[in-house]
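Rule-based calculations on the coordinates, nothing more; no lab input. Owing to the predicted nature of the structure, the values given are computational and were not obtained by experimental measurement. Methodologically, a virtual Cβ is constructed for each residue, glycine included, from the backbone with ideal geometry; neighbour enumeration extends over all protein chains shown.
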Amino acid sequence: MNEQRHPYVPNPVLSGLLGVFPLVAAANSLMNGFVLGVGVAVSSLVLALLMPFLQSFVPDRLRTPSSLALSAALALLIGAGVEAFSPAAARYLGVYIPLLAVNCLSLQTLRHYPQAMDGEGRVFAGQYGTGISSLLKEALGYIAAAILIGAFRELVGSGTLNFAGPGAQLFSFSLTDGAPARLFAAPAGGFIVLGCAVALYRIATLRRKRRGA
């Protein structure tokens, strides 16, 4: 009964391996993981909210270009927000912020949300609401995975954990004076962390299924 009311939505990173490249390459700190995770989530959710209504007045032949243009505009706005919130994170992430326009969750949204329209351009309210609910869970799962991966890599790779806001250090923690394992701050370490996280997630998923069987 509870399973039907609250359907299980797999984590898009640890289950579907969506959007793992930015996490492996650039999410090597708590701050970078937070920025990437929130950027992907906001981009996908705003697209999901606007796409059905955009497609109600855009001709069929222009729907794909207009959808990509909307995604690119969102990426520019998110980039401006990141620059204002943390210039250091914006400089480090560089090209990964514009690439939010074609992140996996956004492309998935562009593929699936036309199905929330009928032939006359009206939105199916039930299907639209269900889709938004599932996407929200996926977006929160992506944020959680990005933050955890980034925080672990920073803590083990650099021995510190920092989170800086506009003009102020909001959180700072030092584990050791040196870096315990610099490998984890590099992309190679990102693959190791991601592989271990996926393995643990799948073990937990299998145990969950066995308990529900």
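Data overview
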read-out: The stretch 10-61 - Rg and Dmax from Cα coordinates, angstrom; value: 14.8, 43
read-out: Under-5 Å amide H pairs with Leu175, H placed in peptide plane, nonlocal only; value: Thr160, Leu161
read-out: Per-pair calculated FRET efficiency, R0 = 30 Å: Gln169 and Leu136 via Cβ, rounded to 0.05; value: 0.45
read-out: Kirkwood hydrodynamic radius over Cα pairs of the stretch 14-212, then Stokes diffusion coefficient at 37 °C and 0.692 mPa s, in µm²/s; value: 181 µm²/s
read-out: Listed peptides 148-155, 90-97 by packing density, highest first (mean Cβ within 10 Å); value: 148-155, 90-97
read-out: Percentage relative contact order, the stretch 14-212, counting C-alpha pairs under 8 Å, at least six apart; value: 34 percent
